[in-house]
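The structure under discussion appears below in the form of structure tokens.
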């Protein structure tokens, strides 16, 4: 997905409006005012609100796939792959708190079945890769083979979702990278094979 600089500005402004005001306030009028553009100028870049939100999700997918590709290119153990995936999420959301608000907003996904389906597709990409890391870890003797990989995935990603939600609700009142890292360390202690 190649975006122009102007399209990226529009996407970032849309993320900010959704995060701070809610999905219903994402209107061409509000977006144009925020960007100091005419509404007609917006339509040259995105033909509809639906297409704009789809591109917001595309942008998130692109960021997600970037870390997966980076993990593939590095010589990491399965547990280190899990750690890198989760840590990248915390770093991404710390740098882009509005993105964290939008990606964890159920309001957005309830508004349109297509958005929910698209987000589920992104989640399935995450699931498939992380479950793969877990299975590799079990084969390598790093992760307890008695655990179902999908259950471990839910522990890792579900706890990540919870801590990001708590961080959002606290007004970003704690260090997400530190708290998230400590939480992940606890989960890894639970799933690792004791030596």
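We did not get these values from a lab; they are worked out from the coordinates using the rules stated. Worth saying up front: this structure is predicted, and the values here are computed from it rather than measured. Methodologically, a virtual Cβ is constructed for each residue, glycine included, from the backbone with ideal geometry; neighbour enumeration extends over all protein chains shown.
Angle between the Cα long axis of helix 78-95 and the longest principal axis of the chain, 0 to 90 degrees, nearest 10?
Once rounded, the angle reads 30 degrees.
Helix 176-191 sits at what angle to the longest principal axis of the chain, using alpha carbons and giving 0 to 90 degrees rounded to 10?
30 degrees
How many angstrom separate the Cα center of the range 8-25 from the Cα center of the range 97-167?
After rounding, the separation between the Cα centres reads 23 Å.
Given a Förster distance of 41 angstrom, what is the FRET efficiency for residue 62 paired with residue 195, based on the Cβ-Cβ distance and rounded to 0.05?
Given R0 = 41 Å and the Cβ-Cβ separation, E is 0.60.
Using Cα-Cα distances under 8 Å and only pairs 6 or more residues apart, what relative contact order does the chain have, in percent?
Values: 145 pairs, mean separation 42.4, N = 195.
Worked out over the chain, it gives 22 percent.
Rank the residues 134, 188 as a footprinting-exposure proxy: fewest other Cβ atoms within 10 Å of their Cβ go first.
Values: 134 27, 188 17.
If I rank by nearby Cβ atoms, fewest first, I get 188, 134.
Of (1) 1.13; (2) 0.97; (3) 1.52, which one was derived for Cα Rg over 2.2 N^0.38 Å from the structure shown?
(1)
Starting from the Cα of residue 159, step 7 Å along the direction of its Cβ; do the same at residue 40; then give the gap between the two resulting points in nm.
5.6 nm
Just order 10-16, 139-145, 88-94 by mean Cβ neighbour count inside 10 Å, highest at the front, would you? Intermediate values should be presented prior to the final figure.
Working: 10-16: 21.3, 139-145: 15.0, 88-94: 19.3.
Output ranking for 10-16, 139-145, 88-94: 10-16, 88-94, 139-145.
I'd like to compare 166-172, 52-58: which one has the highest average count of other Cβ atoms within 10 Å, and what's the full order after that?
Details: 166-172: 13.7, 52-58: 19.6.
Highest-to-lowest ranking by the protection proxy: 52-58, 166-172.
Under a point spin-label approximation (7 Å from Cα along Cα-to-Cβ), what is the residue 125-residue 110 distance to one decimal in nm?
2.7 nm
Work out, step by step, the length gained on full extension between residue 182 and residue 147: first 0.36 nm times the residue separation, then minus their alpha carbon distance; give nm to one decimal. Before the final figure, lay out the partial values.
Values: separation 35, 0.36 × 35 = 12.60 nm, distance 2.14 nm.
Here the segment from residue 182 to residue 147 would lengthen by 10.5 nm.
Could you work out [θ]222 nm for the chain from helices alone, using -39500 (n - 2.57) per DSSP H run of at least four and dividing by all its residues? Round to the nearest 500 deg cm²/dmol.
It lands at -25500 deg cm²/dmol.
Compute the length gained on full extension between residue 70 and residue 49: take 0.36 nm times their separation in residues and subtract their Cα-Cα distance, giving the result in nm to one decimal.
Net length gain for the segment: 4.4 nm.
Roughly how tilted is helix 113-139, in degrees to the nearest 10 and between 0 and 90, from the longest Cα axis of the chain?
Compared with the principal axis, the helix lies near 20 degrees.
Report relative contact order for the range 86-195 in percent, whole number only (criteria: Cα-Cα under 8 Å, sequence separation at least 6).
35 percent
What is the fewest-to-most order of 28, 4 by other Cβ atoms lying within 10 Å of their Cβ?
Ascending Cβ contact count within 10 Å gives the list 4, 28.
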